[in-house]
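Accompanying notes for the structure given below.
The values are calculated or read from the model by the stated rules, or taken from the named source; none is laboratory data. Model, not experiment: these values are computed from the prediction. Here Cβ is always computed from backbone atoms with ideal geometry, including for glycine, and neighbour counts include all displayed protein chains. Remember, those area values only see protein heavy atoms, side chains included, never the ligands or the DNA or RNA. Shrake-Rupley method; radii C 1.70, N 1.55, O 1.52, S 1.80 Å.
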Amino acid sequence: MSAAPAFSSLREKIAFETAARKARYAKFQTDWSDAVEAGNRAALAIRQSITPMVIVGADADGNQSKWIVPDGPCGFAYLTVHPATCSFARWLVKQGLARKSYFGGVEHSIQEHNQSMGMKAAHAEAMAKLLTERGHAGVSFREVID
């Protein structure tokens, strides 16, 4: 990290810090938009390979029923950013894109792709990979089967 230049007044310092913050937030927005796009591409790429889930059940009278869930197993996927106090995590919360996680850090719930856990996990994994490549340390994902 480079040292801040010497300032002749407090106004100059505040203007410098404001410009630096705006530039950092613009980078966060670009990185986030690119990550969401990468996540959608990854999820759509595996759509054809998902095996439909078949649910067989019976009612109280013993009549058997069969349901097919074309998107595969149902579940959730989350993108997690650690620590919650890093600038990127705080920006996500301010933008309404993430919330504090029970497991530490902040998390973003993948809402796209209906209930398909496979597509949601692919989406979150692609986002985590891209954000990590862009220099955001502490980004990971987790999936939860429902």
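Please find, within region 66-92, the residue that is farthest from His108 (Cα to Cα) out of those that are hydrophobic (A, V, I, L, M, F, W, C) and either open to solvent by 70 Å² or more (accessible area, probe 1.4 Å) or at pLDDT below 90 (or both).
Within region 66-92, the match that is farthest from His108 (Cα to Cα) is Trp67.
Kindly provide the set of residues from region 23-53 that are farther than 30 Å from Gln95 by Cα and open to solvent by less than 80 Å² (accessible area, probe 1.4 Å), ordered by number.
Within region 23-53, Ile50, Pro52, Met53 qualify.
In this structure, is Asp61 acidic (Asp, Glu) and surrounded by 15 or more Cβ atoms within 10 Å (Cβ to Cβ)?
Here the answer is no, as Asp61 does not meet what is asked.
For region 1-57, which positions are in contact with a strand residue (DSSP E or B) (Cβ under 6 Å, 6 or more places away or on another chain) and either aromatic (Phe, Trp, Tyr) or within 25 Å of Glu125 (Cβ to Cβ) (or both)?
If the condition is that a residue be in contact with a strand residue (DSSP E or B) (Cβ under 6 Å, 6 or more places away or on another chain) and either aromatic (Phe, Trp, Tyr) or within 25 Å of Glu125 (Cβ to Cβ) (or both), then Pro52, Met53 are the ones that fit.
Looking only at residues in region 8-65 that are under 24 Å from Glu107 (Cα atoms) and hydroxyl-bearing (Ser, Thr, Tyr), which one is farthest from the chain's Cα centre (by Cα)?
That would be Tyr25.
Can you find a residue in region 106-126 that is over 12 Å from the mean Cα position of the chain (by Cα), under 30 Å from Lys22 (Cβ atoms) and open to solvent by less than 30 Å² (accessible area, probe 1.4 Å)?
No, region 106-126 has no match at all.
Do you know which residues across region 129-142 are of a type in the set (A, V, I, L, M) and open to solvent by 10 Å² or more (accessible area, probe 1.4 Å)?
Across region 129-142, the qualifying residues are Leu130, Ala137, Val139.
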